[in-house]
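Student: Structure in structure tokens, see below.
Quick note: the coordinates plus some simple rules give every number you see, no bench work behind them. Computed from a prediction, not measured in an experiment: that's the story for all the values here. Cβ sites come from the backbone with ideal geometry, for glycine too, and all protein chains shown count toward neighbours.
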Ligand SMILES: [Zn+2]
């Protein structure tokens, strides 16, 4: 018996029952009293089991295409406030029309200063990225309300991405022979990730076989792979050949909807 019906959104018919981040939660259901009261009962069970208390005065109920009277009746029975869309979730207006960049730009007074605000202090590498973004924005071409926002691949005059244009651009920046030091250091990854990439390329990741080779672990120490326990824990094994790690890479490729052949060297991987 389905007591709570999820919402279906977008052309891909994505179904959502809840959104949760840190201590903020949004629960979705149909605008039926039975579904609303079922959620209330589940939350009451949660209170009894966990000993935690839900503050309904801090909670709101919002309706999409729901009559005000109905929303008010749900709110009074749940003992919480009611609200119309858009409302803010994690500081982002939910249910608002995102509009186009020119609207946002005009709301800000149309001056060439993008005063970006962030919800937390930025790390050093993030500040560098914001500086880069500002330099892009200052040099960006003038915005016109009559032209719709579109994605455009600047490396090709047609504006469409093609393998040939990606290769040309790649060759232009990195040269026809890949300079590994450039690949490892000249990218947007956080410094510690770049450093790990460099260690991996140099074969200096502190694996147990590496530590044994430099005398930190003695000759009798177990230097087997912590994942599969079948092979010696070397850089190539833990980053490429271990069946466990191979599965992980396969999952990542699946998320990216990509197909690849596992490279047999760290250089190939980087
Ligand atoms: Zn292994």
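Student: Considering the alpha-carbon set of region 128-270 alone, what are its Rg and its Dmax in angstrom?
Tutor: 21.0, 73
Student: Can you put 165, 76 in order of Cβ neighbours within 10 angstrom, beginning with the fewest? List each step's numbers first, then the result.
Tutor: Numbers: 165 16, 76 10.
The fewest-first ordering by Cβ neighbours comes to 76, 165.
Student: Same structure again: If you restrict to DSSP beta bridges whose two residues both lie in region 7-94, what percentage is antiparallel, to the nearest 5?
Tutor: On the way: 10 of 14 bridges.
Roughly 70 percent of the DSSP beta bridges within region 7-94 come out antiparallel.
Student: Would you kindly give the portion of the calculated P(r) for region 203-269 that falls above 17 Å, as a percent of all Cα pairs? Provide the component values of the computation, followed by the final result.
Tutor: Values: 1054 of 2211 pairs.
Of all Cα-Cα pairs in region 203-269, 48 percent lie more than 17 Å apart.
Student: Something else now. Calculated FRET efficiency, residue 155 and residue 64, Cβ-Cβ r, R0 35 Å, to nearest 0.05?
Tutor: Working: r = 41 Å, r/R0 = 1.18.
It comes out at approximately 0.25.
Student: On full extension of the chain, what length is gained from residue 188 through residue 257, given 0.36 nm per residue of separation minus the C-alpha to C-alpha distance? Let's see the in-between values first.
Tutor: Details: separation 69, 0.36 × 69 = 24.84 nm, distance 2.19 nm.
Gain on extension, residue 188 to residue 257, equals 22.6 nm.
Student: Moving on. Which residue, 87, 136, 118, tops the fluctuation ranking in a GNM of the chain built on C-alpha contacts under 10 Å?
Tutor: 118
Student: While we're looking at this one, here's another question. Mind telling me which of 69, 223, 36 comes out most flexible in a GNM of the chain, alpha-carbon contacts under 10 Å?
Tutor: Of the options given, 69 has the highest mean-square fluctuation.
Student: If every alpha-carbon in region 156-226 counts as one equal scatterer, what log10 I(q)/I(0) does Debye give at q = 0.18, 0.21, 0.24 1/Å?
Tutor: Each listed q maps to, in turn, -0.82, -0.94, -1.03.
Student: Sorted by packing (mean other beta-carbon atoms within 10 Å per residue), highest first, where do 22-31, 257-266 land? Numbers along the way, then the final one.
Tutor: Numbers: 22-31: 12.9, 257-266: 10.1.
Final packing ranking: 22-31, 257-266.
Student: Helix-derived [θ] at 222 nm for the chain: sum -39500 (n - 2.57) over DSSP H runs of at least 4, divide by residue count, nearest 500? It would help to have the intermediate numbers written out before the result.
Tutor: Working: 10 runs with 104 residues, N = 270.
One gets -11500 deg cm²/dmol as the mean residue ellipticity at 222 nm.
Student: Then there is this: Could you work out the relative contact order of region 7-94? I mean the mean sequence separation of Cα pairs under 8 Å and 6+ apart, divided by the number of residues, in percent. Please report the intermediate quantities before stating the final value.
Tutor: On the way: 80 pairs, mean separation 16.6, N = 88.
This gives 19 percent for region 7-94.
Student: Next up: Using label points projected 7 Å from each Cα along Cα→Cβ, tell me how many nm separate residue 8 and residue 226, to one decimal.
Tutor: So the label points at residue 8 and residue 226 sit 4.6 nm apart.
Student: Only counting other Cβ atoms within 10 Å, I'd like 19, 199 sorted with the fewest neighbours first.
Tutor: Values: 19 13, 199 16.
Fewest to most other Cβ atoms nearby, the residues stand as 19, 199.
Student: Need one number: nm distance between label points at residue 179 and residue 211, each 7 Å from Cα along Cα→Cβ, rounded to one decimal.
Tutor: Between residue 179 and residue 211, the simple spin-label model gives 3.6 nm.
Student: A further question on this structure: List residues of region 179-197, by number, whose backbone nitrogen lies under 13 Å from a label position 7 Å along Cα→C-beta of residue 132.
Tutor: Only 183-191, 194 fall inside the zone, counting backbone N under 13 Å.
Student: Send over the semi-axes of the chain's equivalent ellipsoid, whole angstrom and largest first, taken as the square roots of 5 times the C-alpha gyration tensor eigenvalues. Working shown, then result.
Tutor: Numbers: eigenvalues 426, 219, 73 Å².
That gives 46, 33, 19 Å for the three semi-axes.
Student: Compute the long axis of helix 124-138 from its Cα atoms, compare it with the longest principal axis of the Cα atoms of the chain, and write down the angle in degrees, 0 to 90, nearest 10.
Tutor: Approximately 70 degrees, to the nearest ten.
Student: Please compute the alpha carbon radius of gyration of region 7-94, then divide it by the globular-protein estimate 2.2 N^0.38 Å. Two decimals is fine.
Tutor: Values: Rg = 13.5 Å, N = 88, 2.2 N^0.38 = 12.1 Å.
So region 7-94 has a normalised radius of gyration of 1.12.
Student: Please state the relative contact order of the chain as a whole percent: Cα pairs under 8 Å, 6+ residues apart?
Tutor: Working: 205 pairs, mean separation 20.3, N = 270.
About 8 percent, as a whole number.
Student: Another question about this same structure. How far, in degrees from 0 to 90, does helix 191-202 lean away from the longest principal axis of the Cα atoms of the chain, to the nearest 10?
Tutor: Helix 191-202 sits at roughly 30 degrees to that axis.
Student: Which of 248, 133, 49 moves most in a GNM of the chain, Cα contacts under 10 Å?
Tutor: Comparing 248, 133, 49 in a Gaussian network model of the chain, the most mobile one is 49.
Student: Let me ask something else. So, R0 is 30 Å and r is the distance between the beta-carbons of residue 120 and residue 270; what FRET efficiency does that work out to, to 0.05?
Tutor: On the way: r = 31 Å, r/R0 = 1.02.
It comes to 0.45.
Student: Once the Cα atoms of helix 33-50 and of the chain are each reduced to a long axis, what angle between those two axes, in degrees from 0 to 90 to the nearest 10, is obtained?
Tutor: Computed tilt is about 60 degrees.
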